[in-house]
Amino acid sequence: IAHGAPRRAPAWWRGKREALLAQARSGTPRYVYDLATVRERARDLLDSPADRCFYAIKANAHPAILRTLAGEGFGLECVSLAEVERVFAALPDFDPQRVLFTPSFAPRREYEAAFARGVVVTVDNVEALQRWPEAFRGRAIWLRVDLGHGEGHHEKVKTGGSAAKFGLPMTRFDAFVEQARRLGVRIVGLHAHLGSGIEDPRHWRGVYAQLAGLADGIGTVESIDIGGGLPIPYAPEAPQFDLALWRQGLAEIKAAYPRYGLVIEPGRYLVAESGVLLLTATQTVEKDGVRRVGCDGGMNALMRPAMYEAYHGIFNLSRLDDADAAAFDVVGPICESSDVLGRDRPLPRATAEGDTILVADAGAYGMAMANTYNLRALPAEDVIE
Ligand code: LLP
């Protein structure tokens, strides 16, 4: 456990076993989200030196989660026009200035539609201003920069450095500022998001310091957005993120550069632990000494293990107290060898067809990345109020 940070209480789902088994009987694969856990995580972050918190809805855009976080005071960060529309469908009266649109290689019409909606728009390349001057002329925008390196739990989630498609490189910074001036575009926010699942709590203060240095040179910047990327401990031995150290770093850096509003935009931290994926065991098979339990959802329902070798705790909810364990690979029904949710997991030896299998910490980038490969249906979703 890093920096003596306290471990959390047992996961919420352990106390809701009967309710979850009942939900599983109405059909699996099924995601279930606990809104009380979302609120708890929200309050962790609201209690910080950040002046504004946006929730990155790509992590989980379920309307009940959007309403819960908006109700706690979060703004909502969107990467596509469809996400912006989801926000206003869930929250028709939401203040558009509490919506931050941070697209990547979006077509011109998405920028135009976002401006027309009155939401805050982030731009991350000078070519957009050069090609579409009329879309931007006279507007206030936020600028996303690439500080030259990425961070995160896997290569595929690092969003900085020359291999990444995101952000204005420092070599084009002056050109951007100049082009903005020419068009009467005011750069009122400066943004960097270096990646996802960043374990060092001091990372964000470094980002703020770099952005504040750049902002001083622009003159019109009001907000500094240091991105998301806060981790959660997926594996049993993973350290708990040290929120106290994170808060302290932000407080120090804000004291050093007090003229800017500090903005954060986490996704995973707020929702990962609130969600479980319920599956039903279809077959247990032994082959060449490897025991496998097959489930009715795999990489189609939860892509993270196949895509990032991500770890998720896996439990047999039907036999939670059965201590006679054996090692199983937990696999799905998809025609790919990467369709493995977990390898070598201790599960009850008696695990059998019909058991409810629970995949933990699946509330972020679970349903959001689910797909219909092999014509498997998308998972269902439920919330627990
Ligand atoms: N802001 C921007 C501009 C982002 O691109 C992202 C995530 C976030 C905020 C929120 O990051 P978070 O706090 O959730 O780490 N599918 C991957 C994660 C991809 C993250 C994409 N961008 C995964 O399952 O690990």
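The values are calculated or read from the model by the stated rules, or taken from the named source; none is laboratory data. Predicted model only: the values in this text are computed from it and were never measured. Here the Cβ positions follow ideal geometry from the backbone for every residue, glycine too, while neighbour counts run over all protein chains shown.
Annotations
- Enumeration of residues in segment 350-376 that are of a type in the set (G, A, S) and crowded, with 24+ Cβ neighbours inside 10 Å: A362, G363, A364, G366
- Residues considered: G138, G189, G148, G184. Of these, the only one that is within 30 Å of P305 (Cα to Cα) and in the same structural domain as E222 (by TED's automatic domain parsing) is G148.
- Residue, nearest to the chain's Cα centre (by Cα), within segment 46-71, restricted to residues that are under 28 Å from R202 (Cα atoms) and more than 16 Å from the ligand (Cβ to nearest atom): A70
- A search for C-beta distances below 9 Å between a residue of segment 141-163 that is free of Cβ contacts under 8 Å to residues at least 40 places away in the same chain and any residue that is within 12 Å of the ligand (Cβ to nearest atom) and part of a helix (DSSP H, G or I), counting only pairs 6+ apart in sequence or on different chains, returns E155/Y308; A163/E155.
- Segment 217-233 - residue that is among the hydrophobic types (A, V, I, L, M, F, W, C) and more than 23 Å from R41 (Cα to Cα) and, of those, farthest from the ligand (Cβ to nearest atom): I218
- Residue match in segment 276-283 (condition: over 30 Å from L21 (Cα atoms), surrounded by fewer than 22 Cβ atoms within 10 Å (Cβ to Cβ) and in contact (Cβ under 8 Å) with a residue 24 or more places away in the chain): no
- Where helices (runs of 4 or more DSSP H) fall wholly inside segment 1-120, the ranges with 1 or more residues that are polar (S, T, N, Q) are 17-25, 35-46, 63-72.
- Residue satisfying condition, being within 12 Å of the ligand (Cβ to nearest atom) and closer than 28 Å to E112 by Cβ, within set D146, D174: D146
- Filter pass, G206 being under 17 Å from P49 (Cβ atoms), surrounded by fewer than 22 Cβ atoms within 10 Å (Cβ to Cβ) and either not assigned by TED's automatic domain parsing to the domain that holds Y311 or not hydrophobic (A, V, I, L, M, F, W, C) (or both): yes
- Hits in segment 302-322 (condition: in contact (Cβ under 8 Å) with a residue 24 or more places away in the chain and away from the ligand (no atom under 16 Å from the Cβ)): I314, F315, N316, L317, S318, R319, L320, D322
- Matching residues in segment 188-216 - criterion: being within 14 Å of the ligand (Cβ to nearest atom), closer than 20 Å to T102 by Cα and of a type outside the set (V, I, T): G189, L190, H191, A192, H193, L194, G195, S196, G197, W204, L211
- Search result, residues across segment 91-104 that are within 10 Å of S80 (Cα to Cα) and surrounded by fewer than 18 Cβ atoms within 10 Å (Cβ to Cβ): S104
- Residues located in segment 194-217, provided they are in contact with a Gly (Cβ under 7 Å, 6 or more places away or on another chain) and of a type in the set (F, W, Y): W204
- Candidates A140, A192, A212, A163: the one that is farther than 18 Å from P266 by Cβ, crowded, with 17+ Cβ neighbours inside 10 Å and among the small types (G, A, S) is A212.
- Identification of helices (runs of 4 or more DSSP H) wholly contained in segment 231-327 with 3 or more residues that are over 21 Å from the mean Cα position of the chain (by Cα) and more than 22 Å from P348 (Cβ to Cβ) yields 243-256.
- Whichever residue in segment 354-370 is of a type in the set (A, V, I, L, M) and assigned to a loop (DSSP other than H, G, I, E, B) and, among such residues, is farthest from the ligand (Cβ to nearest atom): A360
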